[in-house]
Amino acid sequence: MKLKIKIIGTIALFSVLSTGTVVAQVGKPFIHDPSTITECDGKYYTFGTGGGGLISEDGWTWNGGAVRPGGGAAPDVLKIGDRYLIAYGATGGGLAGGHNGRILTMWNKTLDPKSPDFKYSEAVIVASSDGTEDCDPIDPGLLLDPTDGRLWLSYGTYFGFIQLVELDPKTGKRVEGNKPKNIAIDCEATDLMYQDGWYYLLGTHGTCCDGPNSTYNIVVGRSRKVTGPYLDNMGRDMLKGGGKMVVAAGERLIGPGHFGRMIIGDGVQKMSCHYEADLDQSGRSVLGIRPLLWKNGWPVAGDNFKEGTYEIESERRGYALELTVDFVRMPGGMRFNRNNNEPVKPVPSQELADVVNTWPAGNIGVRIGDYMFRPHQKWAITAVPGAGGYPGGPYYKIVIAGTDRALAATAEAEVVTVPAFTGAPEQLWRIDQLTDGTYRIMPKVVPNSGEKLALVSSGDSTPTLAKFDMKSDNSKWNFKAH
Amino acid sequence: MILAGLGLQGYSATSAPKINGIAKIDTTQSLAPYFTPSTAKKKTPDAEGFIQRWLLLEPINKPNRGNTVFTDSYLRTAFTTGYFPNQFTVVPKDGEKVKVGEQELTWHALETANFNVKLFRFAYGLRKQTYGVLFWAVTIVNSPREMKNVRMAVGSNSGSMWWLNGKEAVLLSGDRRMVMDDCTSARLTLNKGQNIIRGAVINGPGMSDFCVRFLDEKGEPIKDITISCK
């Protein structure tokens, strides 16, 4: 399926102007049952039901153009060594009355249809049922076990069991003599992942394919062995319907299903899915990317970052990012031992108008200080239309609320504020929620540098740009709307 | 794009009462290995407290192309309608027949090999319709003493209603799949001696199924009871 890549800026601009807040991916992110998002030569790919799929240059703006023969439904993709294994189901689960599903795998050296190396191998069947068994093989999910290099495939739907089989990672074919193992019920669109000594089985529960009335939601169970048993947070087997919620509907996005995980870096993970209905995009099925958090050994979807006015709080010391300006005192001093019968009245907060004329014009430095919800510490963060993004989010401008004074990276790898936002790349910020729920804040570019740096506390009260280190609270921030 | 008919619970919504969803003629249709005939031997719940001995009525024809109609109101009407005489009081015998409209349906006293009662396989094994169905189930719980503050914990595919000793105990509303301990009753009392559980399970194009156990005040399964069909 070939679609022209549309002018990305226009689409993104329209998206922001029409909704005010950009929540799901932009471009033409229309897809059903997306595969795990996979990188190939600097671009991101996801394949969907029916054939074809989406391509993105940056992970934020998606358009059609991916190519996958074989039709069928709900593919998955896994990079093994220097090539890509693609799995898909030949049927849709009960379509045309049958439950005799078949899962096939095939290889390609690249996912880029414009590459001269783009050529799929012949697809082979790796799992099937005769239609009377307690399983309907659809919706494959692949896992290459990082502890021992073995390759596993889960599949199935609500008709009977979710099953697990083993494949040969060198050929993509079923291991000789391997028998399917039942690992769950009540779900479809399963996927497997490994993290810190546990295997996780993701499954989509609820109803698919019912637009805004789809109850589709993603749950998880975990096991010490890839063959199960997969138990939820109540100790309940997924074979008995168990599962702990990973993501459900919210923010006008309905029916998340078909989980996939992307590991972006240490401490930075994203999950992909589709939403059955994005109420801000004609109720169509769209690609979704969310931060993936880990809480006490359980994965859970983070929320998309919301535009708004925030304190930017350091995780190191809990001080707030602020302008290097004179502190302006509010009227009134200590107040106690007054007449208790005096009626209590609200005191207005300090306003921007009270202080802005005391600030210098031109660039103003940035430091971290006691948070007092003063104007020089409140940052309005909004997506910049047409500036592109990264997996899971657009680039943001970070300005002092009520002004156009924008946070910017300097060529010395420090931070400063410039009096007016111009859209220059060093004024664009990437915000990723980390696996522990805090945030990493990175400039799109550090001028005259190719280095990828993040906002880091170099002292309790001093911010800088430096290499991100997930093991240090220096690298982490919180956004507080208070 | 093959979205139509795709994956709404994973089935094509073809009409009942045909046995659909199979690709080959299955000449081995029977209740095995899912069910065996009930015996007179003493039977307790399984290790997790699930009740495995039931009188099941062959499915009443209740066509529904989809399960989106299973609102609370719809289910209440469906489950409080009388389909056959003494429906809310009978403890039938194995092999007993009832007439429901044009259908002649038989009660079967069975034991499930699993924690759950796979009604889809019950219907399929007897070559009855599997979709667009309403099942009735009855069993007797014998308790050595009065037990207060117990809860009936039920999972079902799809909607269902359950009674203990003639009083409504729990309604599983909407379209749902069978999850153990999905819904529980309010706190109930099991009488010393006999207690009758009655259940009704409805489904359109789904894998009809249920599981039932009792939980004590601490949420632990009750196992020192016996289950019988008479």
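Nothing in this text is a laboratory measurement; each read-out follows from the coordinates by a stated rule. The model shown is predicted, which means the values in this text are computed figures rather than measured ones. FYI the Cβ positions are ideal-geometry reconstructions off the backbone, even for glycines, and counts take in every protein chain you see.
Look at A:C273, A:C209 and count the other Cβ atoms within 10 Å of each Cβ; fewest to most, that gives A:C209, A:C273. Restricting the calculation to alpha carbons of the stretch B:86-213 gives Rg and Dmax of 14.6, 43 angstrom. If you wrap the Cα atoms of chain B in a convex hull and average its projected area over all directions, you get 13.0 nm². Placing a label point 7 Å from the Cα of B:N165 along the Cα-to-Cβ direction, the residues of the stretch B:119-144 whose backbone N falls under 16 Å from that point are B:139-144. Go ahead and run the numbers for FRET between A:N340 and A:K471, Cβ-Cβ distance against an R0 of 45 Å, rounding to 0.05. Calculated transfer efficiency: 0.30. Structural size metrics of the stretch A:8-301, computed from C-alpha coordinates, are Rg and Dmax of 17.8, 58 Å. Checked against a 24 Å cut-off, the cross-linked pairs A:K378/A:K476; A:K240/B:K118; A:K295/B:K118; A:K240/B:K99; A:K114/A:K173 give Cα-Cα distances beyond that limit for A:K295/B:K118; A:K240/B:K99; A:K114/A:K173. Electrostatic tally near B:E58: other residues with Cβ closer than 15 Å to its Cβ, Lys and Arg +1, Asp and Glu -1, net +4. In summary, the stretch A:317-405 shows an alpha-carbon radius of gyration equal to 1.47 times the 2.2 N^0.38 Å reference for compact globular proteins. Residue by residue along A:202-209, Cβ atoms of other protein chains within 10 Å of the local Cβ number 4 on average.
Once you reduce the stretch A:246-325 and the stretch B:146-221 to the center of their Cα atoms, the two points are 37 Å from each other. Label-to-label distance for B:R187 and B:D216 is 1.5 nm, based on points extended 7 Å past Cα in the beta-carbon direction.
Quick note on the stretch A:122-255: its Rg to Rh ratio, both from C-alpha atoms and Rh being the Kirkwood radius, is 0.98. Three principal axis extents describe the C-alpha atoms of the protein assembly as shown; from largest down they are 93, 83, 44 Å. Each of A:I55, A:M271, A:V126 was placed along the dipole of the stretch A:8-301 (beta-carbon charges, centred on the mean Cα), and the one lying farthest toward the positive end is A:M271. Kirkwood radius and radius of gyration were both taken over the C-alpha atoms of the stretch B:138-205, and their ratio Rg/Rh is 1.01.
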